[in-house]
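Worksheet for the structure shown next.
The values are calculated or read from the model by the stated rules, or taken from the named source; none is laboratory data. Computed from a predicted model, the values in this text were never measured in an experiment. Cβ: placed from backbone, ideal geometry, glycine included. Neighbour counts: every protein chain shown. For accessibility, only protein heavy atoms count, side chains too; no ligands or nucleic acids. Shrake-Rupley method; radii C 1.70, N 1.55, O 1.52, S 1.80 Å.
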Amino acid sequence: KDGDSSLTFNFTGNTRYEDEDQKLSMNGSFNSKQSKKSGEPRKFETEKGSAQIRYDKPILSKLDLFAETNYQYNGTNSVGVNTVDQTFGVAYPLIQSETAEFKLSVGPTAKWQGGGKGCSSDPYCGNTYGGGSIIASLRWKPIQSLQFDLNNKFTPVFATEVKPSNTFTTDIRYYPIEGSKLFTTLRYQSVYNSMSKPQVSNTITAQVGTEF
């Protein structure tokens with residue numbers, strides 16, 4: 001109706017470097033939606049972000065050591081606005097070809113979360129817990145103009161009881177013009193964190209971008 005308005009902002013970026021001795025990948029995203037009803041102050045309906053950095057170092061022909069750091073931000077959470085986890089371990093490529101790569105990674109994890117108006121009264125918020133992670137990642141390019149990226153990370157940590165979390169992300173990237181760096185992307189991310197409030201967060205975004 002008259003006087004109502006909304007503003008949506010989405011950003012996704014990633015970079016990847018690889019040679020015979022190492023692999024380094026970094027990615028980040030931010031999604032924000034503000035709305036304002038007539039006569040009321042503007043409020044955030046969605047305010048989410050994530051970032052990841054991962055380093056892989058081959059030690060055998062089909063075995064890597066890896067280190068991975070993940071950051072999740074959800075500004076509308078009442079508990080667990082910020083979550084950081086650090087994982088070290090080994091990674092093994094189950095499938096590796098010119099069009100597809102499927103890798104399984106496992107290792108111990110340290111996880112911290114904090115922030116939110118209910119953090120001070122929450123038994124888990126603001127503390128660091130140890131556990132482990134299983135990470136499955138797939139990159140598949142069936143044709144030159146289409147690419148699928150899927151990543152799932154399951155992390156149970158040991159607090160007063162086992163507290164699991166799971167993050168699933170998929171990107172579908174399409175290059176409409178052959179030889180062009182312009183692309184469109186559809187991204188879906190589902191985050192479950194048993195120590196945050198609320199525990200479940202789902203995001204779907206569509207974007208147009210380019211490679212540099």
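Over the chain, the Kirkwood radius and the radius of gyration, each from Cα atoms, give a ratio Rg/Rh of 1.01. Among residues other than D19 with Cβ under 13 Å from its Cβ, the summed charge is -1 (Lys and Arg +1, Asp and Glu -1). Rounded if a/c is under 1.5, else prolate if a/b is larger than b/c, else oblate: which is segment 110-212, with a ≥ b ≥ c the root eigenvalues of its Cα gyration tensor? It is prolate, given that a/c is not under 1.5 and a/b is the larger ratio. For segment 120-158, the residues whose backbone nitrogen is under 13 Å from a point 7 Å from the Cα of V84, taken along Cα to Cβ, are 126-129. Positive end of the dipole of the chain (Cβ unit charges, origin at the Cα centre): among G80, Q22, T69, the Cα lying farthest that way belongs to G80.
Taken about its Cα centre, segment 69-212 carries a charge dipole of about 200 debye when Lys and Arg each add +1 at the Cβ and Asp and Glu each add -1 at the Cβ. Electrostatic tally near G209: other residues with Cβ closer than 12 Å to its Cβ, Lys and Arg +1, Asp and Glu -1, net +1. Counting only protein heavy atoms and using a 1.4 Å probe, the accessible area of I59 comes to about 80 Å².
3J(HN,Hα) couplings calculated from phi for segment 169-175 with the Karplus curve 6.51 cos²θ - 1.76 cosθ + 1.60 (θ = phi - 60°) are, in sequence order, 10, 9, 10, 10, 10, 10, 9 Hz; Gly and Pro show x. Between K62 and T15, the FRET efficiency from the beta-carbon distance, with R0 = 35 Å, is close to 0.90.
Cross-link pairs exceeding 25 Å in C-alpha to C-alpha distance, out of K111/K153; K111/K141; K33/K163, comprise K111/K141; K33/K163. Across E47, E98, E18, E68, the residue with the most accessible area heads the list, and the full order at a 1.4 Å probe is E98, E18, E47, E68.
Applied to segment 9-20, the Karplus parametrisation 6.51 cos²θ - 1.76 cosθ + 1.60 on θ = phi - 60° returns per-residue 3J(HN,Hα) values of 9, 10, 9, 9, x, 8, 9, 8, 10, 8, 9, 5 Hz, with x for Gly and Pro. Applied to segment 149-157, the Karplus parametrisation 6.51 cos²θ - 1.76 cosθ + 1.60 on θ = phi - 60° returns per-residue 3J(HN,Hα) values of 10, 10, 9, 10, 10, 10, 9, x, 10 Hz, with x for Gly and Pro. Shown here for segment 79-149: chymotrypsin sites (Phe, Trp or Tyr not before Pro) in loop regions (DSSP other than H, G, I, E, B) with at most 13 other Cβ atoms within 10 Å, of which there are none.
Accessible surface ranking for M195, M26, 1.4 angstrom probe, highest first: M26, M195. Around I59, with a cut-off of 15 angstrom between Cβ atoms, what is the net charge of the other residues, counting Lys and Arg +1 and Asp and Glu -1? Value of the local net charge: 0.
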